[in-house]
Each structure stands twice: as C-alpha cells, then as structure tokens.
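Down below is the structure, laid out as structure tokens.
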Amino acid sequence: MSNMNAESSRPRLTRMPEWAALAEHRERFGTTRLRELFAADPARGTGYTLRVGDLYLDYSKQLVTDETLTLLRRLAEATGVAELRDAMFRGEKINTTERRAVLHTALRAPRDAVVEVDGENVVPGVHAVLDRMAAFSERVRSGAWTGHTGKPIRNVVNIGIGGSDLGPAMAYEALRSYTRRDLVFRFVSNVDGADLHEAVRDLDAEETLFVIASKTFTTIETITNATSARAWLLDELKAGQEAVARHFVALSTNAEKVQDFGIDTANMFEFWDWVGGRYSYDSAIGLSLMIAIGPDRFREMLDGFRLMDEHFRTAPPEENAPLLLGLLGVWYGAFFDAQSHAVLPYSHYLSKFTAYLQQLDMESNGKSVDRDGREVDWQTGPVVWGTPGTNGQHAYFQLIHQGTKTIPADFIGFAEPVGDLPPHLAAQHDLLMANFFAQTQALAFGKTADEVRAEGVPEELVPHKTFRGNHPTTTILARELTPSVLGQLVALYEHKVFVQGAVWNVDSFDQWGVELGKVLAKRIEPVLTQGVGGEGLDSSTAALAATYRVLRAG
Ligand code: F6P
C-alpha cells in the first residue's frame, strides 16, 4: 500500500540510528550462549530480575546483556514510548484511525481521580457503573433478584464474543476458587448453535439469567445467539415478551440497539467508546465475573490492574516491567526472526489465559501499516500461543527444545496452589513447579554433545540427544493466583502490547482486519440458505457453496 500521507510524523523505525545500533549489536552478539552469560556473571540469576507488586520477574534467561537492554531502552526513547503512554493516560485520542481515546486505565482509576475526555471527567461515570454492577451482583448472589416466575437465579449465561467473552471467561476460570460454587456460569460465543445448545440444555429457564455482552450490540454472532436464547427462554417458560426483563441484562455502549432488542435500558450496564473490546473485561463487560466472585473480589482485581498501571506510568525504564517485556519481543522479532511467542502458564486455572492474550496481542499489533499508513518493513505482532504446562511438555515442547525455530516463551507460575484443593492434591504442586523450573533450565542451557557422550550414549544417538539450548524465557512468579495478581498480570500484558505498538508505530487500538470477513459472510449467507446472490463469487467459493448445499440437502 502506498503512503497516502505526504508527511510522516516520525522517522521510519528501521532508519533510526537506535535501530542501526541494535542491528550492529546483534551482529556482535552472534551466537553468544546463555551458558557463557551465566558463567561470566555469577549474579545474573538474581540481578536480571524485577519485583512489581506481587510479581517476581526473572529475565536472566533472555538472550540479552546490559548493552542490549541499554540499546533497547534507547530505541524506546527514540520512538516516544513514554510520550505516547502519557498521552494515553491523559485521555488523548491516540487511536487515530477511529479518533478515540484509549482509557482502559480509567476503568480502574480511584474514585477521586480526574481523567478527561473532551473536557469531561470520566471517572465518576466509571464508578457509578461499578456501583450499579455491585448492587445488581449482590441481588443475584443473595437470591433477591428473581426470574419471571419468582425463583432466584442459579445460572448465569454470558453471551458475547471476542473481548466480550474472552476476558470474563478467562477470569472466571482463573478465579474459579473464589466463585460461588453453588451458581452455574457458562460462556457462549460461537455462532455454531451447538455452543448455546450445550450451555442451556440442562438448565432450568426459570433460574437462568442471560448477560448479553456486546460493545456495539450489532455483532452478528452475539445478536443471533441472544435472539435464540430469548426464544428458548420464552418457549421454556411458556411466557411472552414480559419475561425478558427478569432474565436478560445487557452490557453495551449502544443503548438504542439494546432497546431495539427488547432489553429495558434499566437493565443495561454501560461503558464507553474509549474502552476497546479486548481491554474491556474490567468494565461492565465483567458483570458475569462480578456475579461469580462478588464485588469485593472484583475491586481487588481492579486494584491489581491499577498497581500495574501506576508502575508502568511511573517506574524508571530500567525497572519498568511492561517496557522490558515489550522490548524483548521487539528484539526477537527484529533480530532473531522470531515469529511467535509462547505463553505457558503452570496453572490449571489459567487455562484460558493465552487464548485471552491472543486477542489482546494479535488484534492489537497484527498490523502491517504504520500510523502514517505506510507499509512496515519490520516485524510487528507475533503469533501468540500456548496452553498450560505440563500438558504442553507432552505435546509441542519437543519443537521448542529441538526444532529449528526461535520461540521466546513466558512461563507463569505460583508458589501456592490456589484455593480449596484438598491437601493430597495441593501436595502435587511441588511436582508441577519442579517441571516448570526444569523446563526453563533445559531450554536455557540445553545439553552439549560432550555431556551426552559422558553418559555413555552411543555415538550415533548423540546428535539426537543433544539439546542446543539458548531458548529465551521469562519467568513470572507470584505467591498465589489472587484477584489482584490476575489484574496485575493482565495489565502487565496490556502495557507490554502497548509498548510494542508504540515502537512499531502501529495503531494498537483499531482492528480493521476483522471487517472484510464479516462483510463477505453477510454476502455468502443467502447463497447457502437460498441459493441466491452467488453472482460474482470466485470459482472456488462458488463451488464450495454449491457442494455445501448438496451435502446439506442430503
Ligand atoms: O473481532 C472484532 C471485534 O470487534 C472485537 O474487537 C470485539 O471484542 C468483538 O468483535 C466483539 O464486539 P462487540 O463487543 O461489539 O460485540
């Protein structure tokens, strides 16, 4: 794509002297091994660490030296990361393609904070909604909020997709041991009818509350599922539209569409266009989570977010954890050709954490033009992937250890097993964490051919049993996965993504890339349902649609 703007607001990243300095440093860094770096500096394992709030970050197993870090920080300075950060916190419209402020940080600001958008302080509105959410959550939790037939609510079904699903679904799993175990929570996102079917098939409609979560309230998957859920409810209750008010609430920025759907705006919890979908689960979008864990725990989680916000805003560059993680990703993408980044939580409760990060990171930084509309000639966002350890160890770790790719990884673990595990299961925790530490050790230091030989391994097997090592990892440790720690972790990644977007000079807060598929799906649907409107389809899609219709007709 050609540059539509005559003037660039900033020099091209790859033409900056700070970039050239890093490239030159990379040449000199060559094949330096972590074994050498650790041998040269006995204090590396304690020196290359940070403590932020409840998190302990060890980046000693990264392929960096003091010089690398200095040069990366110079790049951050030259690319104006701190200025953009401050502009974000001030409420400036840094989402330039949508002309919007980016203020998820205001969602966790204290009551007395002042954050202005277009001259208006948004913080009182944030707390007014949080208070309404808290009152509503308490009514549901206490049984005071009843369904159409007078029964208390026992089932909460969140219907949303993307940021209106992944955040609350992830946090619900993460904080499961803090949830009301006597209530049932389900999260429906897929427009595949099977998702809703499986979510409601064993529920009593009289005791079921649907939380319709959609920033725009126009997202086809969510509105389709919400419409089907309403039909299911009214059918089960043998009731008319009047039953909807006790069984449907909406989380949205769009009161008009909520009303059009038939939900009373008295049952709507609002948020604002300056909250991006993937940055929204600490807004009204977190209502299902708040019902699950209660308002006090939800506020503890917000405190955790705030702690990390303040750290990011005020900590000097040498101690700034999101800055560090962001810059490490820039380093590997640019100079090690790393295409992906693994996030590997050693916690069953974080089973959805990486899926959540996929949207946060890949929808934010999956861009190939810069803020000025010019094609980039540098790597932007990586493919983010991973599942909880130790399962990954028995699946794809082989490729990380001995494959041909550079895959930087974050290992996240806890010293204490979470929650209400019986003692014999809590006792398994040391084994879990022994695996965690063993993996980062093996990835960093590997096993040389000589070490393999010394074990008496036959010569023909030596290459197969040799581990190259030198695979970079960051370790993030905390004592326990509490609501506050979860908030700290999520905000750490939010700001890491921000740092990378700032360096890469992309707008991390739009997502135009998801639009084309939506438009084409609308065009293709009548071809599938009625066999009309296929004119102009490419020959592959036309043939697929025709085959689909034949198969569907049986
Ligand atoms: O996938 C595109 C997207 O707009 C996401 O950014 C968003 O989180 C999701 O769809 C859901 O949107 P909404 O909350 O408006 O239904």
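A few comments on the model shown:
- Note on the range 271-301: residues that are assigned to a helix (DSSP H, G or I), surrounded by 23 or more Cβ atoms within 10 Å (Cβ to Cβ) and out of contact with any strand residue (DSSP E or B) (no Cβ under 7 Å at 6 or more places or on another chain) amount to 9.
- The range 62-111, residues that are among the acidic types (D, E), over 30 Å from N470 (Cα atoms) and out of contact with any helix residue (DSSP H, G or I) (no Cβ under 8 Å at 6 or more places or on another chain): E83, E92, E98
- Number of positions in the range 322-370 that are under 21 Å from A171 (Cα atoms) and open to solvent by 20 Å² or more (accessible area, probe 1.4 Å): 9
- Of all residues in the range 188-204, at least one satisfies being assigned to a helix (DSSP H, G or I), under 29 Å from G276 (Cβ atoms), touching a strand residue (DSSP E or B) at 6+ places or on another chain (Cβ under 7 Å) and open to solvent by less than 10 Å² (accessible area, probe 1.4 Å).
- Within the range 125-149, the residues that satisfy the criterion of being assigned to a helix (DSSP H, G or I) and over 27 Å from the mean Cα position of the chain (by Cα) are A135, E138, R139, V140, R141, S142.
- Within the range 428-447, the only residue that satisfies the criterion of being open to solvent by less than 20 Å² (accessible area, probe 1.4 Å) and among the aromatic types (F, W, Y) is F436.
- Restricting S60, S9 to residues that are modelled with pLDDT under 95, hydroxyl-bearing (S, T, Y) and within 29 Å of A491 (Cβ to Cβ) narrows the list to S9.
- Residue list for the range 159-189, restricted to those being under 22 Å from I220 (Cα atoms) and more than 16 Å from the ligand (Cβ to nearest atom): R186
- Some residue of the range 378-391 being more than 22 Å from the chain's Cα centre (by Cα), closer than 26 Å to V81 by Cα and either part of a helix (DSSP H, G or I) or of a type outside the set (S, T, N, Q) (or both): yes
- Note on the range 510-545: residues that are farther than 30 Å from D273 by Cβ and surrounded by 11 or more Cβ atoms within 10 Å (Cβ to Cβ) amount to 13.
- Summed over the range 208-239, the residues that are outside any helix (DSSP H, G or I), more than 8 Å from the ligand (Cβ to nearest atom), exposed (fewer than 15 other Cβ atoms within 10 Å of the Cβ) and in contact (Cβ under 8 Å) with a residue 12 or more places away in the chain give a count of 0.
- Residue identified as within 16 Å of the ligand (Cβ to nearest atom), of a type in the set (A, V, I, L, M, F, W, C), buried (at least 17 other Cβ atoms within 10 Å of the Cβ) and modelled with pLDDT of 95 or more among V156, V115, V102: V102
- The residue of the range 129-153 that is nearest to the ligand (Cβ to nearest atom), among those that are within 17 Å of V200 (Cβ to Cβ) and open to solvent by 50 Å² or more (accessible area, probe 1.4 Å), is H148.
Rundown of residues vs (1) of a type in the set (G, A, S); (2) over 18 Å from G333 (Cβ atoms); (3) surrounded by 14 or more Cβ atoms within 10 Å (Cβ to Cβ), yes/no style:
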site	(1), (2), (3)
D372	no, yes, yes
W378	no, no, yes
W385	no, no, yes
P388	no, yes, yes
P408	no, no, yes
G413	yes, yes, yes
A426	yes, yes, yes
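- Among (1) away from the ligand (no atom under 15 Å from the Cβ); (2) farther than 25 Å from Y172 by Cα, the one test that F261 misses: (1)
- Options Y356, Y396, Y346: the member that is modelled with pLDDT of 95 or more and within 29 Å of T97 (Cα to Cα): Y356
- Identity of the residue in the range 240-259, open to solvent by 50 Å² or more (accessible area, probe 1.4 Å) and assigned to a helix (DSSP H, G or I), that ends up farthest from V157 (Cα to Cα): E256
- Among the residues listed as L103, L107, the single one being of a type outside the set (K, R) and in contact with an Asp or Glu (Cβ under 7 Å, 6 or more places away or on another chain): L107
- D195 away from the ligand (no atom under 16 Å from the Cβ) and either over 20 Å from F298 (Cα atoms) or touching a Cys at 6+ places or on another chain (Cβ under 9 Å) (or both): no
- Taking each residue of the range 346-373 that is closer than 17 Å to G392 by Cα and part of a helix (DSSP H, G or I) and looking for partners that are open to solvent by 40 Å² or more (accessible area, probe 1.4 Å) and away from the ligand (no atom under 16 Å from the Cβ) with beta-carbon atoms closer than 7 Å, six or more apart or interchain, yields Y349/R176; T354/W385; T354/T387.
The values are calculated or read from the model by the stated rules, or taken from the named source; none is laboratory data. All values derive from a computational prediction rather than experimental measurement. Cβ: placed from backbone, ideal geometry, glycine included. Neighbour counts: every protein chain shown. Accessible surface areas use protein heavy atoms only, side chains included; no ligands, DNA or RNA. Shrake-Rupley method; radii C 1.70, N 1.55, O 1.52, S 1.80 Å.
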